[in-house]
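The values are calculated or read from the model by the stated rules, or taken from the named source; none is laboratory data. Everything numeric here is computed off the predicted structure, so don't read it as measured data. Neighbour counts are summed over all protein chains in view; Cβ atoms, including those assigned to glycine, are modelled from backbone coordinates with ideal geometry. Please note that ligands, DNA and RNA were not included when accessible areas were found on the heavy atoms of the full protein model with its side chains. Shrake-Rupley method; radii C 1.70, N 1.55, O 1.52, S 1.80 Å.
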Amino acid sequence: MQGVTIIPTGGSGGGSTMSSTLSKEDTNLVLSSEDSSCPEDSELLELGLGLCLSHHHKPARKSHSHHHHHARILTAKDFPSSASASASSSSSSSPPSSSLSRVNNNTTTSTSGTKRTAESVAAANNGPSPVVGWPPLRRPYRVNSFNHSKSPATEVFNWNSEKSKSSETDVLRKTADNTNGNNNNIDTKEKRNFRSSLFVKVNMDGIAIGRKVDLSVHSSYETLAQTLEDMFRESTTAITFNGSNGEDFGILVGGDQHSKLLDGSSKFVLTYEDKDGDWMLVGDVPWGMFLSSVRRLRIMRTSEANGNGLAPMLEEKNCRQKSKPI
Amino acid sequence: MECCNKRRMMKESPESNFMNRRGSSCFPDEVLERVIGMLKSRKDRSSVSLVCKEWYNAERWSRRNVFIGNCYSVSPEILTRRFPNIRSVTLKGKPRFSDFNLVPANWGADIHFWLVVFAKKYPFLEELRLKRMTVTDESLKFLARSFPNFKAISLQNCDGFSTDGLAAIAADCKNLTELDIQENVIDDKNDNWLTCFPESFTSLEVLNFSILHNDVNFDALEKLVTRCKSLKTLKLNKSITLEQLQRLLFRAPQLCELGTGSFSQELTTQQYSELESAFSNCKNLNTLSGLWVVTPQYLPVLYPACANLTFLNFSYAPLDSDDIAKLLVHCANIRRLWVVDTIEDKGLEAVGTHCPLLEELRVFPADPFAEGDARGVTDSGFIAVSQGCRNLHYVLYFCRHMTNAAVATVVQNCPDFTHFRLCIMNPGQPDYRTSEPMDEAFGAVVKTCSKLQRLAISGLLTDLTFEYIGKYAKNLETLSVAFAGSSDWGMQCVLEGCPKLRKLEIRDCPFGNAALLSGLEKYESMRSLWMSDCKVTMNGCRLLAKEMPRLNVEVIKEDGSDDSQAERVYVYRSVAGPRRDAPSFVLTL
């Protein structure tokens, strides 16, 4: 990890002060850390990956929007700019507190990311900021820029779009492009479901830090599984935590591009928590139905899945012919 | 007028037997119903129904269309009890901010139970128009089975269904004239739903499947278009190529509204001229949209069809200023124009020059999150349009920054704005020349545009903006606010000052309980209030709920957040009482 420090910020439900520092370039990351053996424990610190902008206080104004309490990972870039941000009159920052926040499980909503106050946004950068649901555009279209010389012609038009320069979000952007990138640039938006972004948290057993994935850029289980495989392969190489145990997380997708995660041949299975709070095996229901009920994902060790009673379904899946609706 | 004679009020049908009437000095009921039946305006009908009991009954028996702006404000039982003869229902569901991800999935607004009641009470239902409702395939199948006279379905910003539901409609609605699917979240499963229209089916007049992203069965489509001679509106999806478009236009030169498919295929000279002549044969075309993926060199094929165009929707076509200018030369009759900001200020100058009859302009951003030297449209483009298009009354303008002076100039040029929606994309952005707040801009709007009905504000704004709105915007019905204001006073000004306010939607503003409670008496005269990420607390909401029992005060709670804050509040009047279908994260206080 180069220059990345985990600084949990945020207060508990009792309303302790939020603190944060500001980065002009919005390179802040929030990663998820969770003990893999008890995902349901709501007392754990849980952070969400996404382009989370730091919560920012402006004492001069009474205005203050209520934000979710997230912890943040700062990159090296934060430190010089945070110094200048502190110096500037339009912003204020304080050293991050070390209190842990309650789990903020965003999965009941289809939004993710923290929100910022207007002033902090205006102070931080002169460009628009990826605040949830802003700008107020219903249309999650991708307008192809034939005439624009700048490169990201397939930039995902997404409220939580990954504009950060960090490698983590580059992976996300890469995977988002990959899933649509099999086609001609021009046609990429054709494959895209016309749904605004739907970020859900993903945790993998044995990896302390979880991620978030935007389900709306996928239209099938295969692409989702591929994305997850890419995501967690990067995690295991880029971040070393005690939890990894040197396990082989690598091969989640078989040689024929068919996801082992879905067919049960990997050491891991992909499960999701649905809106009723039950953990289900991914892949049983039509994609659209899955989208409407999924709250979060977990890549579970097969052994544990068996123990949790997902095993019968697992065996069934191994036996039956799979045909996935797109 | 003596209209309160005792007479039988409950009738089985509006064509009641004349012999059943007792003498009176009023018009016979049938005549009264006929007369009142001619009223189309909702407001007129509302007024009429308040005159006296007889008029109330005449109105309710003669009403054929009903519009419900908030599906939770009334129940299907109450509706069907009052209006026995409805043929067309329009329902709106979720709060508008659900379009921007501020309302969680599974919030509600499911059409199904309405349909179940309608199947019993309105078996002759013909039209259903839904906006922001959840519609499942099961509901669509139920609809197709339950209403033999069903003619028109329009789904806008809905979710929950797939092409299977469309297939059911196609197969079973023998009298279908309209299938209009706009901007929905739809699971596009296969391309065969179009084949479900039977060979004998010829009544279609409106077909809009532009948001589907998979291929459709072109053969089935072509046959359908060929046999439906009354087809007036055809909006295709991106899978349709130029060559296929030409074939369809050849079959349906009578079209009035066309949404093209992809406008970008390699065409031979022959194909190009065929396409051009196909367009020139469409003498009745008044609306053009689509153009997913445009190759600008092919735009000239449209020129012959442009002269009669009144609505040009290029909101998915990122043209540059030259392309749009060359096209607009031919579009002198345009009234409504939707474009992408890739046309930049120069493109807007062309609009001002060539489209003097323009009434509505919407400019969408190609890339809202572009950093650095992002292009797009600015204040000078805005002014240029206002100089050339004096009839402008509706604007939706996305830009990166604006000046107070420019907005003042625009409204001076065009004082008749009824809808003014300015979105400065960076929250809290001040006037970029003076660094002042944008208060004076919106002050100018409300002072000058006395007919203003809808306003959306943005940029750095203090309470002064709201003082202006409360003081001057006497016709304002809808107000959208984000990242604005300094204190509770702002919201109070609006609640106290705008007599016609119906919808107020606020996000990320420093308005708290005092502001919320200042509108106690107001909310019953409004359709709804939305406040998210403001400073309202649960206690404030509880107080509101307690004081105003006829309002539904709902808080959308997220796990793990502060229990005392009310992050998302939705308040609306209702005669149906609290929701019976609220999910666990919606608390009704």
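Residues of the range B:295-310 being away from chain A (no Cβ under 14 Å), in a helix (DSSP H, G or I) and out of contact with any Leu (no Cβ under 8 Å at 6 or more places or on another chain), which ones?
Of everything in the range B:295-310, those that are away from chain A (no Cβ under 14 Å), in a helix (DSSP H, G or I) and out of contact with any Leu (no Cβ under 8 Å at 6 or more places or on another chain) turn out to be B:Pro300, B:Pro304, B:Ala307.
Examine the range B:381-401 for a residue that is open to solvent by 20 Å² or more (accessible area, probe 1.4 Å), over 26 Å from B:His354 (Cβ atoms) and of a type outside the set (Val, Ile, Thr), and state whether such a residue exists.
For the range B:381-401, residues open to solvent by 20 Å² or more (accessible area, probe 1.4 Å), over 26 Å from B:His354 (Cβ atoms) and of a type outside the set (Val, Ile, Thr): present.
Does B:Thr241 count as farther than 30 Å from B:Asp187 by Cβ and either hydroxyl-bearing (Ser, Thr, Tyr) or buried (at least 16 other Cβ atoms within 10 Å of the Cβ) (or both)?
no
So which residues in the range B:26-74 are within 30 Å of B:Gly108 (Cβ to Cβ), of a type in the set (A, V, I, L, M, F, W, C) and in a loop (DSSP other than H, G, I, E, B)?
B:Cys71, B:Val74
Do we have any residue at all in the range B:487-496 that's open to solvent by less than 10 Å² (accessible area, probe 1.4 Å), in contact (Cβ under 8 Å) with a residue 24 or more places away in the chain and in a loop (DSSP other than H, G, I, E, B)?
no
Taking B:Asn313, is it within 14 Å of chain A (Cβ to nearest Cβ), surrounded by fewer than 22 Cβ atoms within 10 Å (Cβ to Cβ) and within 18 Å of B:Asn286 (Cβ to Cβ)?
Judged against the criteria, B:Asn313 is a match.
Among the residues of the range B:254-265, is any assigned to a loop (DSSP other than H, G, I, E, B), within 26 Å of B:Arg336 (Cβ to Cβ) and within 14 Å of chain A (Cβ to nearest Cβ)?
Within the range B:254-265 (the criterion being assigned to a loop (DSSP other than H, G, I, E, B), within 26 Å of B:Arg336 (Cβ to Cβ) and within 14 Å of chain A (Cβ to nearest Cβ)), the answer is yes, since at least one residue qualifies.
With the requirement that a residue be assigned to a loop (DSSP other than H, G, I, E, B) and either under 21 Å from B:Leu422 (Cα atoms) or touching a residue at least 40 places away in the same chain (Cβ under 8 Å) (or both), what does the range B:324-354 give you?
The answer is B:Arg335, and nothing else.
Which of the residues spanning the range B:160-192 are of a type in the set (A, V, I, L, M, F, W, C) and within 26 Å of the chain's Cα centre (by Cα)?
Residues satisfying the conditions are B:Phe161, B:Leu166, B:Ala167, B:Ala168, B:Ile169, B:Ala170, B:Cys173, B:Leu176, B:Leu179, B:Ile181, B:Val185, B:Ile186.
Exactly one condition in (1) out of contact with any Ser or Thr (no Cβ under 7 Å at 6 or more places or on another chain); (2) away from chain A (no Cβ under 11 Å) is not met by B:Phe398; state its number.
Only one criterion is unmet by B:Phe398, namely (2).
How many residues are over 25 Å from the mean Cα position of the chain (by Cα) and more than 14 Å from chain A (Cβ to nearest Cβ) if we restrict to the range B:411-437?
The number of residues fulfilling the criteria is 4.
Look at the range B:259-277 and say how many of its residues are under 30 Å from the mean Cα position of the chain (by Cα) and either in contact (Cβ under 8 Å) with a residue 40 or more places away in the chain or surrounded by fewer than 16 Cβ atoms within 10 Å (Cβ to Cβ) (or both).
Residues in the range B:259-277 being under 30 Å from the mean Cα position of the chain (by Cα) and either in contact (Cβ under 8 Å) with a residue 40 or more places away in the chain or surrounded by fewer than 16 Cβ atoms within 10 Å (Cβ to Cβ) (or both): 2 in total.
Would you say B:Ala484 is under 20 Å from B:Leu396 (Cβ atoms), at pLDDT 95 or above and open to solvent by less than 10 Å² (accessible area, probe 1.4 Å)?
For B:Ala484, the condition - under 20 Å from B:Leu396 (Cβ atoms), at pLDDT 95 or above and open to solvent by less than 10 Å² (accessible area, probe 1.4 Å) - is met.
Any idea which residue in the range B:327-364 is nearest to the chain's Cα centre (by Cα), counting only those that are away from chain A (no Cβ under 14 Å) and basic (Lys, Arg)?
B:Arg336
Could you grab me the full set of residues in the range B:71-96 that are crowded, with 21+ Cβ neighbours inside 10 Å and closer than 30 Å to A:Val131 by Cβ?
Across the range B:71-96, the qualifying residues are B:Cys71, B:Tyr72, B:Lys92, B:Gly93, B:Lys94, B:Pro95.
Which of the residues that make up the range B:509-547 are charged (D, E, K, R), open to solvent by 10 Å² or more (accessible area, probe 1.4 Å) and in a loop (DSSP other than H, G, I, E, B)?
Selection gives B:Glu521, B:Lys522, B:Arg527.
One residue is enough: does the range B:365-384 have a residue meeting the conditions among the aliphatic types (A, V, I, L, M) and away from chain A (no Cβ under 14 Å)?
yes
Going residue by residue through the range B:463-472, is there one that turns out to be within 14 Å of chain A (Cβ to nearest Cβ), open to solvent by less than 10 Å² (accessible area, probe 1.4 Å) and not in a loop (DSSP other than H, G, I, E, B)?
Checking the range B:463-472: at least one residue is within 14 Å of chain A (Cβ to nearest Cβ), open to solvent by less than 10 Å² (accessible area, probe 1.4 Å) and not in a loop (DSSP other than H, G, I, E, B).
Whether any residue in the range B:205-212 is of a type in the set (D, E, K, R) and either within 25 Å of B:Tyr298 (Cα to Cα) or in contact (Cβ under 8 Å) with a residue 40 or more places away in the chain (or both) is what I want to check.
So far as the range B:205-212 goes, no, none of its residues is of a type in the set (D, E, K, R) and either within 25 Å of B:Tyr298 (Cα to Cα) or in contact (Cβ under 8 Å) with a residue 40 or more places away in the chain (or both).
Considering only residues of the range B:144-159 that are within 23 Å of the chain's Cα centre (by Cα) and over 24 Å from A:Arg138 (Cα atoms), which is farthest from the other protein chains (Cβ to nearest Cβ)?
Within the range B:144-159, the match that is farthest from the other protein chains (Cβ to nearest Cβ) is B:Lys151.
From the list B:Leu179, B:Leu130, B:Leu91, exactly one residue is assigned to a strand (DSSP E or B) and closer than 19 Å to B:Arg580 by Cβ. Which is it?
B:Leu91
Assess whether B:Thr418 counts as being touching a strand residue (DSSP E or B) at 6+ places or on another chain (Cβ under 7 Å), open to solvent by less than 30 Å² (accessible area, probe 1.4 Å) and farther than 18 Å from B:Pro368 by Cα.
Judged against the criteria, B:Thr418 is a match.
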